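Undergrad: Have a look at this one before I ask anything.
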Amino acid sequence: MYLVADINVEICAAKNCKLCTQYCPEANTILYSDELGKDKGFKYGSAYVAVDRCKGCAQCVWVCDNMAKNHAIKMVMIDQLPQAALTENITYGEKSTTAVLTSPVVG
Amino acid sequence: MSLDYVKFSNGFEKFMPKEYRDMVEHGPFGKKVTVSQMGSFKEVLEEHPMCAGCAMTLFIRLAMIAFPNPEDTITVGTAGCGRLAISQAAIPFVYGNYGDQNGVASGLSRGLRLRFGDKPKDVVVMAGDGGTADIGLQQVLHSWFRKERFTTIMLDNEVYGNTGGQESGMTNRGAVLKMAPLGKKFEKMNMVELAKVAGCAYVATVVPNNPRRVESVIKKAVLVAREIGPSYIQAYTSCNIEYAIPTDKVMEDAKAVENDRYQFQEYITDEAKQYLTERYGYKEFLAKSAAPAASIPGKG
Ligand SMILES: Cc1ncc(C[n+]2csc(CCOP(=O)(O)OP(=O)(O)O)c2C)c(N)n1
Ligand code: SF4
Ligand code: SF4
Ligand code: SF4
């Protein structure tokens, strides 16, 4: 098994600074959804990770901890994530994306 | 080479992979996208085999967002790590033999001008420090002396990364690498000064820990190369493998190197300033350039 980045929606949505994706080396990997966190009363959405593209470098953890000072991202073993975003379940919109979360590990 | 080349032929849309459909419908073609919108549009760069956490990968990702007209851009590269990602984007990529890239780009940029006239077609070379400053130096310098109008970007990881750690002309003096076990005996080459002497109209150094600056210098370099003359960007893009930088410390390293030997530098001729100001509405050169530009008319 291997580590991928996992963003805590409630912690991110409280700030949602959009810094981490500007520093993730991988394209189309940390995305934003205006919808995430709405059910918990957050207005501006949250970042999330397309875990099939994440290479586990933890650069985003450093950015969120040290630049955003928000500590919303942790590295988690991929089979410990009950649900996660995968590229095939992501829909792009005009200014935001949406993702249907599913189990990231097959079988 | 135009927006049309990515579009679906009638009836074929449903057979295309999701990533491709996303790229056509929600990619950057024909729109202006910026670094601050990252994460909400589909980027043209696809998956590739560059190492986890590589700063060069991040720089390439930012560069592709910064291209002023990605649908009218061709990238040229060569042997080295960067081509592994640059070739995996929805931007045509030409692979020059190791060191040939600026010769290939010279012919390509001239050919495109003959074929397309005034319609801008941007040629951008991205190659490693070995490819640019060592093996390709002759062609790089001659493309500058000859005022070939395209952009050269050096992905400077201060080592031959792709072949396991030989020193390059851009390695720092004293650096010990796997295949330079006694430490490098010579100074890091000053390619920025060479670029100015050889006639580049725009020269800048950047580090990827400042994404907006990367975006800004690449835009300027590509626009200047459309009409005024050659442009050169030298980017520090660390190799976390050969320099054993833990991947979550890559940005700390970039900051330290920025403070040490990669402070932001920008050089631009008066002619290029005037062009960016008048043609593309840049305001940043107005106050500073007014006096000297007026005193040396026509000087570039
Ligand atoms: C003519 C030729 N000589 C040697 C090589 C082997 N080779 C492939 S990549 C490389 C070094 C690349 O170093 P650099 O240009 O600094 O790029 P990096 O991999 O560090 O990004 C070499 C020597 C080659 N492909 N072609
Ligand atoms: S850096 Fe942290 S707070 Fe900012 S968008 Fe990313 S996860 Fe959210
Ligand atoms: S761990 Fe690395 S690859 Fe994965 S999302 Fe974070 S920065 Fe991107
Ligand atoms: S070897 Fe170095 S420069 Fe090449 S992809 Fe890996 S980390 Fe990046």
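The values are calculated or read from the model by the stated rules, or taken from the named source; none is laboratory data. Everything numeric here is computed off the predicted structure, so don't read it as measured data. FYI the Cβ positions are ideal-geometry reconstructions off the backbone, even for glycines, and counts take in every protein chain you see. These area figures cover heavy atoms from the full protein model, side chains too; ligands, DNA and RNA do not enter into them. Shrake-Rupley method; radii C 1.70, N 1.55, O 1.52, S 1.80 Å.
Undergrad: Treat every Asp and Glu Cβ in the protein assembly as shown as -1 and every Lys and Arg Cβ as +1, leave all other atoms uncharged, and give the resulting dipole magnitude about the Cα centre to the nearest 20 debye. All intermediate terms of the calculation are to be shown ahead of the outcome.
TA: Numbers: 46 positive and 45 negative charges, 197 e Å.
Around 940 debye, computed over the protein assembly as shown.
Undergrad: With a sphere of radius 14 Å drawn around the Cβ of B:GLU242, what net charge do the other residues whose Cβ falls strictly inside it have (Lys, Arg +1; Asp, Glu -1)? Please report the intermediate quantities before stating the final value.
TA: Numbers: positive: B:LYS178, B:LYS184; negative: B:ASP129, B:ASP156, B:GLU158, B:GLU167, B:ASP253.
Taking every Cβ under 14 Å from that of B:GLU242, the sum is -3.
Undergrad: Just checking the output field for B:205-211: average partner chain Cβ neighbours within 10 Å of each residue's Cβ?
TA: Details: counts 0, 0, 0, 3, 4, 1, 4.
Average per residue, whole number: 2.
Undergrad: Count the net charge of all other residues whose Cβ sits under 12 Å from the Cβ of A:ASP34, scoring Lys and Arg as +1 and Asp and Glu as -1. It would help to have the intermediate numbers written out before the result.
TA: Working: positive: A:LYS18, A:LYS38, A:LYS43, A:LYS95; negative: A:GLU35, A:GLU94.
Residues close to A:ASP34 contribute a combined charge of +2.
Undergrad: What pairs in A:LYS69/B:LYS31; A:LYS15/B:LYS42; A:LYS38/A:LYS95; A:LYS43/A:LYS69 have C-alpha atoms more than 26 Å from each other?
TA: Numbers: A:LYS69/B:LYS31 33 Å; A:LYS15/B:LYS42 23 Å; A:LYS38/A:LYS95 16 Å; A:LYS43/A:LYS69 20 Å.
Too far apart for the 26 Å limit: A:LYS69/B:LYS31.
Undergrad: Sticking with this one: Rounded to the nearest 5, what % of DSSP beta bridges with both residues in the protein assembly as shown are antiparallel? Walk me through the intermediate numbers first.
TA: Working: 20 of 44 bridges.
Just about 45 percent of them are antiparallel.
Undergrad: Continuing with this model, one more query. Which FRET efficiency, nearest 0.05, do A:ASP65 and B:GLN37 yield, Cβ-Cβ r, R0 25 Å?
TA: Values: r = 24 Å, r/R0 = 0.95.
In this case the efficiency is close to 0.55.
Undergrad: Roughly speaking, what is the stretch gain from B:GLU278 to B:VAL176, that is 0.36 nm per residue apart minus the C-alpha to C-alpha distance, in nm to one decimal?
TA: Separation in residues times 0.36 nm, less the Cα-Cα distance, equals 31.9 nm.
Undergrad: Another one. Tally the DSSP beta bridges in the stretch B:3-268 and give the antiparallel ones as a percent, rounded to 5.
TA: Values: 7 of 30 bridges.
Expressed as a percentage, antiparallel bridges in the stretch B:3-268 total about 25.
Undergrad: Right, another one. For the protein assembly as shown, go through all pairs of different Cα atoms, get the mean of 1/r, take its inverse, and jot down that Kirkwood value in Å.
TA: Details: mean 1/r = 0.0452 Å⁻¹.
One decimal place: 22.1 Å for the Kirkwood radius.
Undergrad: Partner chain Cβ atoms within 10 Å, averaged over the residues of A:49-62 - can you pull that number for me? Please list the in-between numbers first.
TA: Values: counts 0, 0, 0, 1, 2, 1, 8, 3, 11, 7, 11, 1, 2, 8.
Mean shielding by partner chains, rounded to a whole number: 4.
Undergrad: Something else now. Per DSSP helix of 4 or more residues, -39500 (n - 2.57); summed, then divided by the residues of the protein assembly as shown. What does that give at 222 nm, rounded to the nearest 500? Before the final figure, lay out the partial values.
TA: Values: 13 runs with 119 residues, N = 407.
Helix-only estimate at 222 nm: -8500 deg cm²/dmol.
Undergrad: By per-residue mean of other Cβ atoms within 10 Å, what is the highest-first order of B:67-80, B:176-189?
TA: Numbers: B:67-80: 22.4, B:176-189: 13.2.
In descending order of packing, they fall as B:67-80, B:176-189.
Undergrad: Among the trypsin sites (Lys or Arg not before Pro) within the stretch B:67-174, which fall in a DSSP loop and have no more than 16 other Cβ atoms within 10 Å of their own Cβ?
TA: Values: sites: B:ARG83, B:ARG110, B:ARG113, B:ARG115, B:LYS121, B:ARG146, B:LYS147, B:ARG149, B:ARG173; in loops: B:LYS121, B:ARG146, B:LYS147, B:ARG149, B:ARG173.
Those that pass, being in a loop and sparsely packed, are B:ARG146, B:LYS147, B:ARG173.
Undergrad: Given Cβ point charges of +1 (Lys, Arg) and -1 (Asp, Glu) and nothing else, what value in debye, to the nearest 20, does the dipole of the stretch B:1-116 about its Cα centre take?
TA: Numbers: 12 positive and 11 negative charges, 48 e Å.
Dipole about the Cα centre, nearest 20: 240 debye.
Undergrad: Then there's this: Please give the peptides B:52-62, A:35-45 ranked by average Cβ packing (other Cβ atoms within 10 Å per residue), highest first, as a rough proxy for protection.
TA: Going by the mean number of other Cβ atoms within 10 Å, highest first, we get B:52-62, A:35-45.
Undergrad: Along the stretch A:36-44, what does the Karplus equation 6.51 cos²θ - 1.76 cosθ + 1.60 (θ = phi - 60°) give for ³J(HN,Hα), rounded to whole Hz, x for Gly and Pro?
TA: Values, residue by residue: 4, x, 4, 4, 9, x, 7, 8, 9 Hz.
Undergrad: Could I ask something else about it? Please give the average number of partner chain Cβ atoms lying within 10 Å of the Cβ of each residue in B:30-42, rounded to a whole number.
TA: Details: counts 0, 0, 0, 0, 0, 3, 2, 4, 12, 15, 13, 8, 6.
That average works out to 5.
Undergrad: Now for a different question. Considering only the other residues whose Cβ falls under 9 Å of the Cβ of A:VAL61, what net charge follows from Lys and Arg at +1 and Asp and Glu at -1? Walk me through the intermediate numbers first.
TA: Working: positive: A:LYS74; negative: A:ASP65, B:ASP248.
With Lys, Arg at +1 and Asp, Glu at -1, the neighbours total -1.
Undergrad: Send over a whole-number figure in Å² for the accessible area per residue of the protein assembly as shown, probe 1.4 Å.
TA: Numbers: 17810 Å² over 407 residues.
Solvent-accessible surface per residue comes out at 44 Å².
Undergrad: 7 Å from Cα along Cα→Cβ at both A:LYS40 and B:PHE116: what's the point-to-point distance in nm?
TA: Reported label-point gap for A:LYS40 and B:PHE116 is 4.7 nm.
Undergrad: Sticking with this structure for a sec: Considering the Cα trace of chain B, what is its radius of gyration and what is Dmax, both in angstroms?
TA: Radius of gyration, then largest Cα-Cα span, for chain B: 19.1, 62 Å.
Undergrad: Given a 1.4 angstrom probe, I'd like the percentage of the accessible area of the stretch A:3-99 that is carbon and sulfur, rounded to a whole number. Present the calculation step by step, with values, prior to reporting the outcome.
TA: Values: 2220 of 4290 Å².
About 52 percent, which is the carbon plus sulfur part of the accessible surface.
Undergrad: Are there cysteines in chain A with no other Cys C-beta under 4.7 Å, and if so, which?
TA: A:CYS12, A:CYS17, A:CYS24, A:CYS54, A:CYS57, A:CYS64
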